[in-house]
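In what follows, a single structure is set out as structure tokens and then discussed.
The values are calculated or read from the model by the stated rules, or taken from the named source; none is laboratory data. In this text, all values refer to a predicted model and were calculated from it rather than measured experimentally. Cβ atoms come from the backbone with ideal geometry, glycine included; neighbour counts cover every protein chain shown.
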Amino acid sequence: MIKSMTGFGRAEVMEENRKFTVEIKSVNHRYFDVNIKMPKKLGFFESTIRNLLKEYMQRGKVDVFITYEDYNENNVALKYNEEIAREYLTHLNAMAEQFDLQNDITVGKLSKYPEVFTMEEQDVDEKELWSVLEKALRQACEQFVASRITEGENLKKDLVEKLDEMLKNVDFIEERSPQILSDYRSRLEAKVKELLEDTQIDDGRIAAEVTIYADKICVDEETVRLKSHIQGTKDALEEGGSIGRKLDFIAQEMNREANTILSKANDLAISDTGIELKTNIEKVREQIQNIE
């Protein structure tokens, strides 16, 4: 099976009054590019998360969104910052003395100054936290991969149809090429007869001219290679796996062969078919860009 680089997955896991929500989405990219958005308190998991994601995907621009909710009642504690309170009091006393003012500071007023009292989250067990986060990540990844596979199968079906169209184009060019030589020989003989009138035509010279012309327009090698590339692409689609880069290279080779056929074409029907062939190759190449 093949996978598209477009995918989406979402999962929620709640255990021990903690809930993780993970969303993963991706679009086409030449390499594996991951952007993770999550609470700062989970920052130390980033490297572990990236390694986990690599188990499920090889290419694509992937965005991961993680939200965390802690419903434990004892997950925060009130902290009294004595040093900060002391500095406030020192400066207030100095101000009262300097400006000859009454110092009306009370404990209640001092406690309201910034940072005198703060709420701090209690330390949590990283292993315990990771066990819940990992479940959410893996569930989201599995859903994400499933969506990529579904889209990949649709891509495969569309590509095979386009490859069959390309094969028809190549078959037509192969069938048409001998007729071009026959037509050329007939035209050449008619022209020579017209010029020489009653003089005997040198069949050897005619054959030599036809041979030279045949060498100029011969596309046998190109059509053979094109058929090989088309079959190679079909085989790769059947084998599956991470084949996007391989198919992109094959598509470039097919385009090169089609260009050569067009440069040699001295026939309107072959030129038209060659243009259609190039159009189909470009369509295939565009779809290949979506494959992981």
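Condition first: assigned to a helix (DSSP H, G or I), touching a residue at least 12 places away in the same chain (Cβ under 8 Å), more than 22 Å from residue 56 (Cβ to Cβ) and out of contact with any Phe, Trp or Tyr (no Cβ under 7 Å at 6 or more places or on another chain). Can you find one or more residues in the range 235-247 that meet it?
Checked against the condition, which is being assigned to a helix (DSSP H, G or I), touching a residue at least 12 places away in the same chain (Cβ under 8 Å), more than 22 Å from residue 56 (Cβ to Cβ) and out of contact with any Phe, Trp or Tyr (no Cβ under 7 Å at 6 or more places or on another chain), the range 235-247 yields no hits at all.
Given (1) under 30 Å from residue 282 (Cα atoms); (2) touching a residue at least 24 places away in the same chain (Cβ under 8 Å), where does residue 171 come up short, assuming only one miss?
Exception for residue 171: condition (2).
Residue 223 versus (1) modelled with pLDDT of 60 or more; (2) more than 20 Å from residue 263 (Cβ to Cβ); (3) hydroxyl-bearing (Ser, Thr, Tyr): which is the lone unmet condition?
(2)
Residues in the range 100-120: is at least one in a strand (DSSP E or B) and either at pLDDT 90 or above or surrounded by fewer than 12 Cβ atoms within 10 Å (Cβ to Cβ) (or both)?
Yes: the range 100-120 contains one or more residues that are in a strand (DSSP E or B) and either at pLDDT 90 or above or surrounded by fewer than 12 Cβ atoms within 10 Å (Cβ to Cβ) (or both).
State yes or no: is residue 3 without any contact (Cβ under 8 Å) to a residue 24 or more places away in the chain and either among the charged types (D, E, K, R) or not assigned by TED's automatic domain parsing to the domain that holds residue 53 (or both)?
In short, no.
Given the conditions (1) in contact with an Asp or Glu (Cβ under 7 Å, 6 or more places away or on another chain); (2) among the hydrophobic types (A, V, I, L, M, F, W, C); (3) not assigned by TED's automatic domain parsing to the domain that holds residue 11, which single one is not true for residue 92?
(1)
Among strands (runs of 3 or more DSSP E) lying entirely in the range 1-80, which contain 2 or more residues that are at pLDDT below 90?
Correct list: 60-70, 76-80.
Anything in the range 274-292 that is closer than 15 Å to residue 227 by Cα and more than 26 Å from the chain's Cα centre (by Cα)? List them, or say none.
274
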